[in-house]
Amino acid sequence: MEEASWVLVVDPDPKAIEDWRACLGVAGINVEKASSVKEAATKLKVLRCGCMVVDLDLPEMKGYEAVPILKASQPRAKVIMTARKNSKDLEIKVRQQDVFYYHIKSFSASELAAAVSGALQASGRGQNKAKA
């Protein structure tokens, strides 16, 4: 399968990763998982993805702090930040990192799937380029 349809989900919660995998898999999107920034950076050395779904609460740092590190190896990939809670100050910090979409986990999974599909298209690595 071509890199176009790959999404890297960076979340320390194994259940959340499996939920994202199930949700995105229904939409025909391949998911690679990482539970930390270090693991994600290692995977990004070999995986080319069009989108990264990054949780706000990562073990090493806040997700918005990880965005520049992750984007350094994949500058065309779009980033979707996920969080359980939101505040005005938090949203400002997240939006300063030029994220494609900011997803509050209390919203529907189908909303996240739509955002990922849009991010893949915007990155130029949309599903329509994937080989069967």
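A few notes on this one:
- Scan of region 81-90 for residues that are closer than 21 Å to residue 20 by Cβ and out of contact with any His (no Cβ under 6 Å at 6 or more places or on another chain), ordered by number: 81, 83, 84, 85, 86, 90
- Tallying residues that are hydrophobic (A, V, I, L, M, F, W, C) and in contact with a helix residue (DSSP H, G or I) (Cβ under 7 Å, 6 or more places away or on another chain) within region 100-117 yields 5.
- Strands (runs of 3 or more DSSP E) contained entirely in region 1-113, each with at least 1 residues that are closer than 16 Å to residue 123 by Cβ and either in contact with a Cys (Cβ under 6 Å, 6 or more places away or on another chain) or hydroxyl-bearing (Ser, Thr, Tyr) (or both): 6-10, 78-83, 101-104
- Yes/no for residue 34 being out of contact with any His (no Cβ under 7 Å at 6 or more places or on another chain), modelled with pLDDT under 95 and either under 16 Å from residue 11 (Cβ atoms) or buried (at least 16 other Cβ atoms within 10 Å of the Cβ) (or both): no
- Selection from region 41-60 of residues that are surrounded by 14 or more Cβ atoms within 10 Å (Cβ to Cβ) and of a type in the set (A, V, I, L, M, F, W, C): 41, 44, 47, 49, 51, 52, 53, 54, 56, 58
- Scanning region 80-97 for residues that are within 13 Å of the chain's Cα centre (by Cα) and free of Cβ contacts under 8 Å to residues at least 40 places away in the same chain returns 80, 81, 83.
- Among the residues of region 48-81, those that are of a type in the set (Val, Ile, Thr) and closer than 19 Å to residue 92 by Cβ comprise 54, 67, 79, 80.
- Number of residues in region 3-26 that are modelled with pLDDT under 90 and within 16 Å of residue 43 (Cα to Cα): the value is 5.
- Residue 62 being of a type in the set (Lys, Arg) and more than 26 Å from residue 15 (Cβ to Cβ): no
- Test: residue in region 105-126 that is free of Cβ contacts under 8 Å to residues at least 24 places away in the same chain, aromatic (Phe, Trp, Tyr) and surrounded by fewer than 18 Cβ atoms within 10 Å (Cβ to Cβ): yes
The values are calculated or read from the model by the stated rules, or taken from the named source; none is laboratory data. Every value quoted in this text rests on a predicted model; they were computed, and no experiment measured them. Ideal geometry is used to build each Cβ from the backbone, glycine not excepted, and the neighbour counts take in all protein chains shown.
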